[in-house]
Amino acid sequence: MFSAFERMVAFRYLRARRQEGFVSVIAAFSLVGIALGVGTLIVVMSVMNGFREELLDRILGLNGHMMIYAEAEQFTDYDKVAKALGGIPGVLAAAPMIEGQVMATSQRGAGGALVRGLRGADLAKYPLVSASINAGSIKGFETGEGVIIGDRLAGRLGIGVGGLITLISPQGNPTVMGTVPRARAFTVVGTFNVGMYEYDSSFVYMPLELAQLYFKLPGTVSGIEVMTDNPDEIGRYAMAAREAAGIGYRVVDWRQTNSHFFTALQVERNVMFVILALIVLVAAFNIIAGLIMVVKDKGRDIAIMRTMGATRGQVMRIFFMNGAAIGIVGTMVGLGLGVAFALNIDSIKTWLEGLTGTELFAPEVRFLTQLPAKIEAGEVITVVVMALGLSLLATIYPSWRAARLDPVEALRYE
């Protein structure tokens, strides 16, 4: 496609002489701009993908994929419904559950918490929780000896395994002196860390029987939480759950509960892509400006090549190759930097925090305790193709202008 003569001249023009240093600086800035744009896009898209996947795994790992609620005031036949739901192919667990807001206190402090009452056998079916217990064990929970709490909640209250946590319910006990808040102390038999700040700092798991006594819900539950083997197919499972539960029950899946959250993430991801793509676009304009200056500077050379027999097509291909080389090299450098940064982003974050002495990624704000990244090949290919396309388009006008240069006029004004 390109002759040896065209390649030789094109790459010779990339190595500007001393008096042409400004032109080479523009070319260098164009290359760096494209590399930074491509690398930043890959890193940002990877982090956004990692955020979505990690949040989805943790939210669904703790909250289940759908909830079954009774239309009646009390959900008393929960065991029968749970058995029917458990018979649906693909359903991993159907756990009767009680959920309620409380105030958790100790001698060291106090804070809001969410109590979830589950049977020990059902809690063991939540691998994200059972595999994240970092102190104590699930055995004490299964025998009804106490509760399991998030380790950040335990740290804030200053209690550990074997300590007492006092839970105060807003639903008080009526007395002759008025309503008194219901308070009871429970033994902590274990702590867990799932890596999501919101859950590690506020969740309290309580045996179902204790929760029924504490919340005064004998023989009833708040609802049945269902875990499936494929949350992406939750629509099919929700339909089967409605049929299995029968009339008088309401099914709410994870998409209805968290739709606003994941929609916001998707919108943010798309906006970031558009904003960062402008970096590549600016670099492409730098290529145009740099090539136009090269064409103006090399007017005499172009005129001499034309008088020696070079065609307009050859001149156009020379400058096209000159600009394309900047775009291709910049894109490949950006690809390497972006992938390397995304693969090691958590280590880089830790190093920067140690270097600056500041917390760059606060789990209280970002929900997750680690900075996740997931590289998707399709998105990387899209970024690379976009950068190459913009770079090659940027070379067309300056190359055409060089090919249209009149040799007589160029030599006359030299």
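Observations, loosely collected:
- Within the stretch 204-259, if we keep just the residues that are free of Cβ contacts under 8 Å to residues at least 24 places away in the same chain and closer than 30 Å to Ala110 by Cβ, the residue that is surrounded by the most Cβ atoms within 10 Å (Cβ to Cβ) turns out to be Leu213.
- In the condition set (1) touching a residue at least 40 places away in the same chain (Cβ under 8 Å); (2) buried (at least 16 other Cβ atoms within 10 Å of the Cβ), Ser130 is compliant with all but (1).
- Residue match in the stretch 77-89 (condition: within 30 Å of Ala244 (Cα to Cα), in a strand (DSSP E or B), touching a strand residue (DSSP E or B) at 6+ places or on another chain (Cβ under 7 Å) and modelled with pLDDT of 85 or more): no
- Options Ile288, Ile224; residue that is farther than 30 Å from Leu55 by Cβ and modelled with pLDDT of 80 or more: Ile288
- Search result, residues across the stretch 356-414 that are outside any helix (DSSP H, G or I), out of contact with any helix residue (DSSP H, G or I) (no Cβ under 7 Å at 6 or more places or on another chain) and modelled with pLDDT under 65: Ala362, Tyr413
- Of the numbered criteria (1) part of a strand (DSSP E or B); (2) over 29 Å from Pro170 (Cβ atoms); (3) more than 29 Å from the chain's Cα centre (by Cα), the one Ile98 fails is (2).
- Note on the stretch 115-127: residues that are surrounded by 17 or more Cβ atoms within 10 Å (Cβ to Cβ) and within 26 Å of the chain's Cα centre (by Cα) amount to 1.
- Number of the condition not met by Met321 [criteria: (1) at pLDDT below 85; (2) out of contact with any Phe, Trp or Tyr (no Cβ under 9 Å at 6 or more places or on another chain); (3) assigned to a helix (DSSP H, G or I)]: (2)
- Hits in the stretch 137-166 (condition: surrounded by fewer than 21 Cβ atoms within 10 Å (Cβ to Cβ) and part of a strand (DSSP E or B)): Leu164, Thr166
- The residues on offer are Glu20, Glu54, Glu99, Glu73, and the sole one that is in contact with a strand residue (DSSP E or B) (Cβ under 6 Å, 6 or more places away or on another chain) and at pLDDT below 80 is Glu54.
The values are calculated or read from the model by the stated rules, or taken from the named source; none is laboratory data. The structure presented is a predicted model; accordingly, all values stated were derived computationally and were not measured. Please note: Cβ atoms are built from the backbone with ideal geometry, for glycine as well, and neighbour counts cover all protein chains shown.
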